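*Asks:* Quick one: the structure is below, and I'll ask about it shortly.
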Amino acid sequence: FGGNSLFTGVDSRLRYQLRQGSRCRPFVAGAVQHQSWHGQSLLNGLETKLGVGGDCAVAGRPNQRLGLESSLLYNAALNSGRLGGDRVGWQLRLQWQVAIAGGLISTRFDHTTLEDQRGYSQLLADNARRRVSRNSVLVQYRRPLSASGTDLLVNFYHQDQGSSLSLFRTEDTSLEVGLSWRF
């Protein structure tokens, strides 16, 4: 924003696969993210996520996998004066992966809903609690270019966010093409 980062997030994730090597692999997952807003520490939060899901090979198609994950979200305000206070919500994630033409296409659809636990601001909609509903899709194509660990990456991302407060309604789309090196 204006050439500066809005916030910095540091996170840790854990995923435990319950059955390795089987056609369907159930899992439990958790994550913690510390969100630090530059210039507005009043907005800082600690978000936790706990979910269950699974991914399965598509019957008759060994080059494809489908996955589904459902999670609960809790974003704790690190300052008692944060607008809206703590936030609670849930997320549903659907993933599809297919290996084709020497590469891999991964598609991920997320639906996330969050609601503030108290009114957001007297200045907006008479201190209504903010409810945010966000849909996003990420499509990635990854193809190795050489045995030296160089991959071609093409990413398409689209996000549409609705909100009970019009200030927080957004939509954005990006397309990225690049190289990735593993060493």
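*Asks:* Tell me, what ³J(HN,Hα) does each residue in region 89-102 have, in order and in whole Hz, if you take phi through Karplus 6.51 cos²θ - 1.76 cosθ + 1.60 with θ = phi - 60° and put x for Gly and Pro?
*Replies:* Values, residue by residue: x, 8, 9, 10, 10, 10, 10, 9, 9, 9, 8, 9, 6, x Hz.
*Asks:* Give me the distance between the Cα centres of region 1-64 and region 106-183, rounded to whole Å.
*Replies:* 13
*Asks:* For the chain, with all protein chains present and a 1.4 Å probe, just round the carbon and sulfur fraction of the accessible area to a whole percent.
*Replies:* Summing carbon and sulfur atoms, their accessible area is 58 percent of the total for the chain.
*Asks:* Right, another one. Among Leu78, Gly89, Leu14, flag the residue with its Cα farthest along the positive direction of the charge dipole of region 1-146, charges on Cβ as +1 for Lys/Arg and -1 for Asp/Glu.
*Replies:* Sorting the options by dipole projection puts first Leu14.
*Asks:* So what does the Cα-only Debye profile of region 1-53 read at q = 0.15, 0.17, 0.22 Å⁻¹, as log10 I(q)/I(0), no solvent term?
*Replies:* The Debye formula, applied to the Cα set alone, gives -0.57, -0.64, -0.81.
*Asks:* With all protein chains present and a 1.4 Å probe, how do Tyr16, Tyr141 order by accessible area, largest first? All intermediate terms of the calculation are to be shown ahead of the outcome.
*Replies:* Numbers: Tyr16 135, Tyr141 55 Å².
Of Tyr16, Tyr141, the descending order of accessible area is Tyr16, Tyr141.
*Asks:* While we're on this one: Using only the Cα atoms, work out Rg/Rh for region 82-151, with Rh taken as the Kirkwood radius, to two decimals.
*Replies:* 1.31
*Asks:* Over its Cα atoms, what ratio of radius of gyration to 2.2 N^0.38 Å does region 48-101 give?
*Replies:* Normalised by 2.2 N^0.38 Å, the Cα Rg of region 48-101 equals 1.74.
*Asks:* Right, here's the next one. Per residue, how much accessible area does the chain have with a 1.4 Å probe, in Å²?
*Replies:* On a per-residue basis, 63 Å².
*Asks:* I'd like the projected area of region 106-183, averaged over all directions, using the convex hull of its alpha carbons. Report it in nm² with one decimal.
*Replies:* Result: 6.9 nm².
*Asks:* At a 1.4 Å probe radius, which order do Thr107, Thr173 fall into by accessible area, largest first?
*Replies:* Thr173, Thr107
*Asks:* Once the whole set of protein chains is in place, how much accessible area is left on Asp86, using a 1.4 Å probe, in Å² to the nearest 10?
*Replies:* Accessible area of Asp86: about 50 Å².
*Asks:* Then there is this: I'd like the accessible area for Leu78: 1.4 Å probe, protein heavy atoms, all chains in place, Å² to the nearest 10.
*Replies:* The accessible area comes out at roughly 90 Å².
*Asks:* Can you tell me the alpha carbon radius of gyration of region 9-106 divided by the globular rule-of-thumb value 2.2 N^0.38 Å?
*Replies:* Here the answer is 1.41, to two decimals.
*Asks:* Name the most mobile residue of Ser133, Ser71, Ser41, meaning the one with the largest mean-square fluctuation, in a Gaussian network model of the chain with Cα contacts below 10 Å.
*Replies:* Ser41
*Asks:* Now for a separate question. If you place +1 on the Cβ of every Lys and Arg, -1 on the Cβ of every Asp and Glu, and leave all else neutral, what size is the dipole of the chain about its Cα centre, to the nearest 20 Debye?
*Replies:* With only Lys, Arg, Asp and Glu charged at Cβ, the dipole is about 620 debye.
*Asks:* If each of Phe27 and Leu124 carries a label point 7 Å out from its Cα toward its Cβ, how far apart are those two points in nm?
*Replies:* 3.4
The values are calculated or read from the model by the stated rules, or taken from the named source; none is laboratory data. Nothing here was measured: the structure is a model prediction, and the numbers come from that model. Counting neighbours? That spans all protein chains shown, and the Cβs are built from the backbone with ideal geometry, glycine included. Areas reflect the complete protein model, heavy atoms only, side chains present, ligands, DNA and RNA absent. Shrake-Rupley method; radii C 1.70, N 1.55, O 1.52, S 1.80 Å.
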